[in-house]
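Visitor: After the structure tokens below, expect a handful of questions from me.
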Amino acid sequence: MILAATIRALMALAFLSGDSATPAQHARVVNLIADHNSTFRVDGPNSSELDLIVGEPITLHVEAHKAKSMNRDGSVHGLVLLDSHRKPIPGWELMFKPGVQEVQVTAPDEPGIYEAVCAVICSTDHERMKFRVVVRQK
């Protein structure tokens with residue numbers, strides 16, 4: 001009873017302050033297809049490039065399709081974002097099982113050109129499964 005009253009009070013305060021949205025609601029949704037033919041397709045004018053703003057919160061809406069092989073854990077594709085020195089960006093080491101999933105990530109803090117690569121050896125064409133991520137200042 002006390003817990004329910006406390007939750008109602010906190011919700012009322014959030015409503016009155018005008019800040020009833022969660023961080024995920026402020027994130028831009030980016031549609032990404034990890035396809036059966038070992039390609040990534042990014043929603044937008046250039047399907048092989050993603051433009052982000054430094055520190056921008058992103059919700060990746062991923063549709064993953066099985067290629068010729070998968071990991072033992074059932075992951076059919078993965079995504080790792082690499083900087084110009086080929087070092088992974090923290091928070092961008094993702095694994096995808098077949099179907100649709102949403103993942104919350106944040107754009108890197110440094111502007112530049114990054115490369116997103118598949119982290120699962122999904123087929124003989126695995127090496128070409130990548131796309132470019134351009135991170136710009138506001």
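The values are calculated or read from the model by the stated rules, or taken from the named source; none is laboratory data. Small disclaimer: the values here were computed from a predicted structure and weren't measured. Here the Cβ is made from the backbone with ideal geometry for all residues, glycine too, and neighbour counts use every protein chain on show.
Visitor: Of Ser38, Ser47, which residue is assigned to a loop (DSSP other than H, G, I, E, B), of a type in the set (S, T, N, Q) and within 21 Å of Ala27 (Cα to Cα)?
Guide: Working: Ser38 fails: within 21 Å of Ala27 (Cα to Cα).
Residue meeting the stated conditions: Ser47.
Visitor: Return the residues of the range 80-96 that are of a type outside the set (Phe, Trp, Tyr) and part of a strand (DSSP E or B); say none if nothing qualifies.
Guide: Val80, Leu81, Leu82, Pro88, Ile89, Pro90, Gly91, Glu93, Leu94, Met95
Visitor: Yes or no: the range 97-112 includes at least one residue that is out of contact with any Ser or Thr (no Cβ under 8 Å at 6 or more places or on another chain), at positive phi, part of a strand (DSSP E or B) and not hydrophobic (A, V, I, L, M, F, W, C).
Guide: yes
Visitor: While we're here: From the list Leu94, Leu60, Leu81, Leu50, exactly one residue is touching a Lys or Arg at 6+ places or on another chain (Cβ under 8 Å) and at pLDDT 85 or above. Which is it?
Guide: Just one listed residue meets the conditions, Leu50.
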